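These notes are about the structure you will find just below.
The values are calculated or read from the model by the stated rules, or taken from the named source; none is laboratory data. Note that the structure is predicted; figures quoted are calculated from it, not measured. Heads up, the Cβs are rebuilt from the backbone with ideal geometry, glycines too, and the neighbour counts pull from every protein chain shown. Side chains are part of the model used for accessible areas, which takes the heavy atoms of the whole protein and leaves out ligands, DNA and RNA. Shrake-Rupley method; radii C 1.70, N 1.55, O 1.52, S 1.80 Å.
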Amino acid sequence: MKFIMQPTPISTHQRIATIDIIRGFALLGIFLVNMPALSAPALMYDLYSVHPTYEGIDRWVRLLFDLFIQAKFYPMFSFLFGFGFYIFLSRVELKTDKPRKLFIRRLVILLAFGLLHLIFVWYGDILHTYALIGFLLLFFYNRKPKTILIWAVSLLVFFYIIVALPLLAPPSFHESSNYVSETVGSKKVEEAVSMYREAGYFELTAYRFQNEVIPVLEFFVFNVPQILALFLLGLYVGKRGIIAEPALHTGLIRKIWLTSGVIALPMVLWLAAIQLDWLDYGVYKEGLAYLLITLSGIFLASFYIFSLVLFLQKTRMNRILQSFEAAGKMALTNYLVQTILSVIILVSSGLYYEVSLTSGFLMVLILFSMQLMLSHYWLKYFHFGPFEWAWRSLTYKQLQPLKRKDLPK
């Protein structure tokens, strides 16, 4: 007779603090990236090739975003998802003979959270994308690290070839795209702004479903190669134990850190020259800028991750960065609260399309500082964030203990 162990949750003491700190830091970057899309019809910009102009200090903030923030933090989050997949499955398989079934249930619940968030709150949801692509990770769990790395690099190369293809198109192609931007695109932007500022919630939700949710789902396939590749890089690092045991891999970590920075630097400088109009590529400007933003994002994300890993080896920096740990432990809750709270503030108060890039930047710093403090306070009294607790309880089909027994006096 085979003895089947009852699956039990991973203890909070088994967590890797470094990952929580990196995740907390990535949350700040994600919030900064999302704010311009929360306060303006950025999806319409993307769908109809509309390129908003920025003046004064906003122009420099936009440059800062493009060089060091835009497309630099979701790769970090994606990497951490793949790393977390390895940690979850490798630990759960010691407690149950059906670890994959448990992970699939976990993904289905995440998908439900994501779809609710996508349909009823904001089109920029990433949870449904992670959940759907996460199923593909199951095919790679038992592969050798070298095989996983080859797949990751191959997928990234494939993705960036697709991104670069418009640069091979004749100028007439881009000129027709500019015409669409100036005619259809401008009208779509006006329509979106009008709906967000004047429509009631249910009317806005119906508009969003047709004009935002459906296009986002239609473009899902385009995201698969890059995000799966980043998941696989996280899985690769997890299997190698590079972050879990940094002291054993200091040389490799420094090598990855230095290589990432050296590769990213010329791309960042090239991008700066384009955005400041020091270099003129005519109709190819936007396409080349997008390629450099996304491509440099992979290397800067790696540079950020391993900078944090190295900083955490130093006592002084460790104390400073630990302020991100609580936020990282509550990443799901904080991510959802960021968008829900921002939508309430911007849409209900009539500030939508009125907030400058600089004001949005400052708003994020204020709100995220509050999240850091509240996360630290919350975890003094509770084991998990509210959404983490719900996710764990549904995954294991039993209510998890939420309130701490060792409450601070």
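Observations
- When residues of the range 87-101 are limited to those that are over 19 Å from K239 (Cβ atoms) and touching a residue at least 60 places away in the same chain (Cβ under 8 Å), the one most open to solvent (accessible area, probe 1.4 Å): K98
- Sole residue being over 18 Å from the mean Cα position of the chain (by Cα), under 30 Å from Y352 (Cα atoms) and not in a helix (DSSP H, G or I), chosen from Y54, Y45: Y54
- Of all residues making up the range 222-262, the number that are among the aliphatic types (A, V, I, L, M) and not in a helix (DSSP H, G or I): 3
- Among the residues of the range 299-346, those identified as without any contact (Cβ under 8 Å) to a residue 24 or more places away in the chain and among the hydrophobic types (A, V, I, L, M, F, W, C) are F311, M317, I320, I344, I345.
- Taking the range 253-270 as the range and being among the aliphatic types (A, V, I, L, M) and open to solvent by 60 Å² or more (accessible area, probe 1.4 Å) as the test, the residues that pass are L258, V262, I263, L265, L269.
- Consider the range 362-390 and keep the residues that are in a helix (DSSP H, G or I) and in contact with a strand residue (DSSP E or B) (Cβ under 9 Å, 6 or more places away or on another chain). The one that is surrounded by the fewest Cβ atoms within 10 Å (Cβ to Cβ) is Y381.
- In the range 126-140, residue most open to solvent (accessible area, probe 1.4 Å) [restricted to those that are in contact (Cβ under 8 Å) with a residue 24 or more places away in the chain and not aliphatic (A, V, I, L, M)]: F135
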